[in-house]
1. What is the one condition in (1) in a loop (DSSP other than H, G, I, E, B); (2) at pLDDT 95 or above; (3) under 26 Å from the mean Cα position of the chain (by Cα); (4) surrounded by fewer than 22 Cβ atoms within 10 Å (Cβ to Cβ) that CYS11 does not satisfy?
2. Testing PRO16 on (1) assigned to a helix (DSSP H, G or I); (2) touching a strand residue (DSSP E or B) at 6+ places or on another chain (Cβ under 7 Å); (3) under 20 Å from ALA85 (Cα atoms), one condition comes back false. Which one is that?
3. Give the residue, chosen from VAL70, VAL102, that is out of contact with any His (no Cβ under 9 Å at 6 or more places or on another chain), at pLDDT 95 or above and β-branched (Val, Ile, Thr).
4. Tell me which of these LEU272 doesn't satisfy, since it passes every other one: (1) exposed (fewer than 14 other Cβ atoms within 10 Å of the Cβ); (2) outside any loop (DSSP other than H, G, I, E, B); (3) at pLDDT 95 or above.
5. Of the residues that sit in region 19-34 and are out of contact with any strand residue (DSSP E or B) (no Cβ under 7 Å at 6 or more places or on another chain) and farther than 14 Å from GLU299 by Cα, which one is surrounded by the most Cβ atoms within 10 Å (Cβ to Cβ)?
6. Quick one: would you say VAL44 is surrounded by fewer than 20 Cβ atoms within 10 Å (Cβ to Cβ), modelled with pLDDT of 95 or more and either assigned to a loop (DSSP other than H, G, I, E, B) or more than 22 Å from the chain's Cα centre (by Cα) (or both)?
7. Just the residues that are surrounded by 11 or more Cβ atoms within 10 Å (Cβ to Cβ) and small (Gly, Ala, Ser), please, taken from region 275-304.
8. Only residues that are farther than 26 Å from ASP236 by Cα and outside any helix (DSSP H, G or I): list them for region 149-177, please.
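The values are calculated or read from the model by the stated rules, or taken from the named source; none is laboratory data. All values derive from a computational prediction rather than experimental measurement. Every residue, glycine among them, receives a Cβ derived from its backbone with ideal geometry; neighbour counts consider all protein chains shown.
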Amino acid sequence: MSDLRVGVIGCGHWGPNHIRVFSQLSGSVVTSAADPDPMRRAAVITQYPHIECVPDHRELLRRRDVEAVVVAVPTALHYQVTRDALEAGKHVLCEKPLCTDVRQAQALIALAGARSLVLMTGHVFLFNPGIVMLKTLTDAGHVGRLYYLRALRTNDGPIRADVNCVYDLVSHDVSIFAFLLGCLPLSVSATGAAFLQPGIEDLAFVTLRFPQDVVAQIQASWLDPRKCREIAVVGDRRMIVWDDLSSTGPVQIYDKGVVREPYYQDYGQFHLLARDGDVVIPRVAPEEPLKIQNTHFLEAVQQGRAIRSDGPFALGVLKTLEAINASIGAGGASVCVPA
């Protein structure tokens with residue numbers, strides 16, 4: 001098959017990464033890019049002289065040498081740009097989250113289905129080799145009965161002006177938890193604070209309750225002295241930590257748990273004692289998640305559907321994010337996540 005001809009809309013932070021990756025991958029070629037900022041367009045042309053850069057994404061969508069597009073514009077513009085692309089008959093890989101409104105997401109999914117087009121969302125951590133290993137170990141029962149999950153995602157910026165840290169940061173861990181567990185949470189409760197910009201939370205503490213009594217917690221912040229990307233999966237047999245910034249390896253398996261030791265003062269009583277064991281650091285292939293994700297997008301276009309991070313998955317993440325923001329607005333009250 002001929003190479004898929006790709007256009008990239010938005011040349012800010014992530015757009016140039018998509019240009020680089022799709023230019024390197026076998027099976028794709030970047031033909032054009034769009035951004036209203038002339039300095040960004042000039043930077044792309046300097047590095048990729050063969051790429052046609054235009055100021056208006058609608059001009060890019062009219063091009064016959066564009067079959068698929070990457071939407072890497074600010075989150076608030078995702079819906080309109082993605083809708084324009086689908087109406088123009090282009091397959092779409094949209095950066096996360098798909099948009100900021102559940103009804104709009106449903107409309108985009110319906111439009112893609114009606115046009116027989118692939119609509120995929122860039123939840124890039126679903127393609128992170130460490131997260132994939134975490135799912136493989138969890139699915140295989142390596143941790144035993146799953147108790148809870150914990151996520152920490154903090155840094156000193158970058159600070160967004162169009163959406164809060166829930167859409168920017170928490171969306172990553174909601175997608176990871178949904179991927180690991182294969183389901184959405186039943187309910188959420190959350191608190192947040194807006195220190196820098198009125199009405200735009202830069203800090204959030206989120207609790208999610210999943211089926212089978214699994215609890216998860218997320219702490220996310222743009223205002224933290226240390227950059228952290230960490231997830232812990234805790235079960236009755238083992239505990240596993242994924243640390244994306246670890247120098248020794250992103251996945252550490254702790255052979256730890258709690259055992260019941262007989263306590264003989266009275267018949268039938270038990271002590272709950274911590275059990276220590278070895279720490280295993282398995283080898284994780286050092287592959288770039290964005291390359292894996294974008295390869296999946298190419299395969300999805302060839303096959304006519306995305307297997308991972310498709311429209312319904314992105315919709316589930318968005319339903320959860322809306323419930324989290326509703327809980328923050330209600331002072332931390334529990335909010336059900338629609339099925």
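1. The number of the failed condition is (4).
2. (2)
3. Result of the check over VAL70, VAL102: VAL102.
4. Only one criterion in (1) exposed (fewer than 14 other Cβ atoms within 10 Å of the Cβ); (2) outside any loop (DSSP other than H, G, I, E, B); (3) at pLDDT 95 or above is unmet by LEU272, namely (3).
5. So the residue we want is VAL21.
6. The answer is no for VAL44.
7. Once the filter is applied, which keeps residues that are surrounded by 11 or more Cβ atoms within 10 Å (Cβ to Cβ) and small (Gly, Ala, Ser), region 275-304 yields GLY277, ALA300.
8. Result: THR154, ASN155, ASP156, GLY157, PRO158, ILE159, ARG160, ALA161, ASP162, VAL163, ASN164.
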